[in-house]
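Undergrad: Following this message is one structure expressed as structure tokens.
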Amino acid sequence: MPEVPADPKGQALTDLILTVFRTNNLLLLWGDRLVSSFGLTSARWQILGAIVHAERPQPVAWLARDLGANRQNVQRIVNDLHHEGLVVFAPNPHHRRAHLVVLTEKGREIYDAAIGVYTPRVNALAEEMSINDIQVACNLMKILKCHIERDLDIIKL
């Protein structure tokens with residue numbers, strides 16, 4: 001079956017999507033290298049960040065939802081973090097089986113250390129960009145995210 005070319009806006013969005021895929025892969029590699037000395041990966045660091053920035057302790061399913069990630073993958077990583085003493089499980093007053101994930105002191109120290117190496121690196125990366133360009137790109141990504149979420153409702157399996 002012949003490929004149907006996208007219209008100019010569709011082609012431009014395809015170019016953006018491919019760039020986002022490639023950039024995401026590089027971003028994960030960058031994050032992995034940045035925090036590897038703390039025994040973290042980008043995925044572990046991202047989950048610690050979700051725990052730190054949550055208003056209150058949350059169960060794994062909520063963390064996964066907030067991250068836009070697969071619950072089973074988040075559960076596996078949280079279990080690893082638990083075995084390493086970076087998080088503990090606390091009783092959930094609203095659900096017997098869905099325990100709350102709580103950062104330990106060791107987990108907070110490692111997260112803070114990771115942020116300590118992240119901040120100067122992200123500031124260096126931002127030096128050659130204007131704040132306006134960064135904000136425009138962020139807004140476009142938020143719009144794209146909303147459109148994709150809406151389209152997922154249409155193309156349910």
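Undergrad: Zone of D80 (label point 7 Å along Cα→Cβ, backbone N under 14 Å): which residues in the stretch 30-52?
TA: Residues 32-33, 35-48 qualify, since their backbone N sits under 14 Å from the label point.
Undergrad: Per residue of the chain, what 222 nm ellipticity follows from adding -39500 (n - 2.57) for every DSSP H run with n ≥ 4, rounded to the nearest 500?
TA: -23000 deg cm²/dmol
Undergrad: For K142, go through the lysines and keep the ones whose alpha-carbon is under 27 Å away, minus same-chain ones fewer than eight residues off.
TA: Here the lysines satisfying the reach criterion relative to K142 are K9, K156.
Undergrad: Cα axis of helix 8-35 to longest principal axis of the chain: angle in degrees, 0 to 90, nearest 10?
TA: Between helix and principal axis, roughly 30 degrees.
Undergrad: Determine, at each q value in 0.10, 0.12, 0.19 (inverse angstroms), the log₁₀ of I(q)/I(0) that the Debye formula gives when each Cα of the chain is one equal point scatterer.
TA: Listed by q, the Debye log ratios stand at -0.49, -0.69, -1.30.
Undergrad: Work out from phi, with θ = phi - 60° and the Karplus expression 6.51 cos²θ - 1.76 cosθ + 1.60, the ³J(HN,Hα) of each residue of the stretch 46-54, listed in order in whole Hz, and give x for Gly and Pro.
TA: 4, 5, 4, x, 4, 5, 4, 8, 6
Undergrad: What percent does the relative contact order of the stretch 1-154 come to when contacts are Cα pairs within less than 8 Å and at least six residues apart?
TA: With pairs under 8 Å counted, the relative contact order is 18 percent.
Undergrad: Let me ask something additional. Heads up, I need the accessible area for L152: 1.4 angstrom probe, whole protein in place, Å², nearest 10.
TA: Accessible area of L152: about 100 Å².
Undergrad: For Q58, which sequence-distant residues (separation of 5 or more, or a different chain) have an amide H within less than 5 Å of its own amide H, given hydrogens modelled in the peptide plane?
TA: Amide H neighbours of Q58, under 5 Å, 5+ apart: V101.
Undergrad: Just name one of V88, S37, A126: the one whose Cα is farthest towards the positive end of the charge dipole of the chain (beta-carbon charges, Lys/Arg +1, Asp/Glu -1).
TA: Highest projection toward the positive end goes to V88.
Undergrad: Taking amide H positions as placed 1.01 Å from N in the peptide plane, with prolines and chain starts having none, which residues 5 or more places from V87, or on another chain, fall under 5 Å of its amide H?
TA: Under 5 Å from the amide H of V87 lie the amide H atoms of H82, T104, each far enough along the sequence or on another chain.
Undergrad: Report, in whole Å, the centroid distance computed from the Cα atoms of the stretch 89-108 and the stretch 1-54.
TA: Between the Cα centres of the stretch 89-108 and the stretch 1-54 lies a distance of 28 Å.
Undergrad: Related question: Using alpha carbons only, how many degrees (0 to 90, rounded to 10) separate the axis of helix 105-126 from the longest principal axis of the chain?
TA: Tilt relative to the chain: about 30 degrees.
Undergrad: Sort R108, R150 from largest to smallest accessible area, using a 1.4 Å probe on the heavy atoms of the protein chains.
TA: The ordering from most to least exposed comes out as R150, R108.
Undergrad: Then there's this: How far is helix 131-154 tilted, in degrees, relative to the longest principal axis of the Cα atoms in the chain, given as a value from 0 to 90 rounded to the nearest 10?
TA: Helix 131-154 sits at roughly 90 degrees to that axis.
Undergrad: Tabulate in residue order the Karplus-calculated ³J(HN,Hα) for the stretch 88-96, using 6.51 cos²θ - 1.76 cosθ + 1.60 with θ = phi - 60°, rounded to whole Hz; enter x for Gly and Pro.
TA: Each residue of the stretch 88-96 in turn: 10, 9, 10, x, 9, x, 9, 7, 4 Hz.
The values are calculated or read from the model by the stated rules, or taken from the named source; none is laboratory data. All figures in this text were calculated on a predicted structure; none of them were measured in a lab. With ideal geometry, Cβ positions are generated from the backbone for all residues, glycine too; neighbour counts draw on all protein chains shown. For the accessible areas, the whole protein counts, side chains as well, though only heavy atoms, and no ligand, DNA or RNA atoms are used. Shrake-Rupley method; radii C 1.70, N 1.55, O 1.52, S 1.80 Å.
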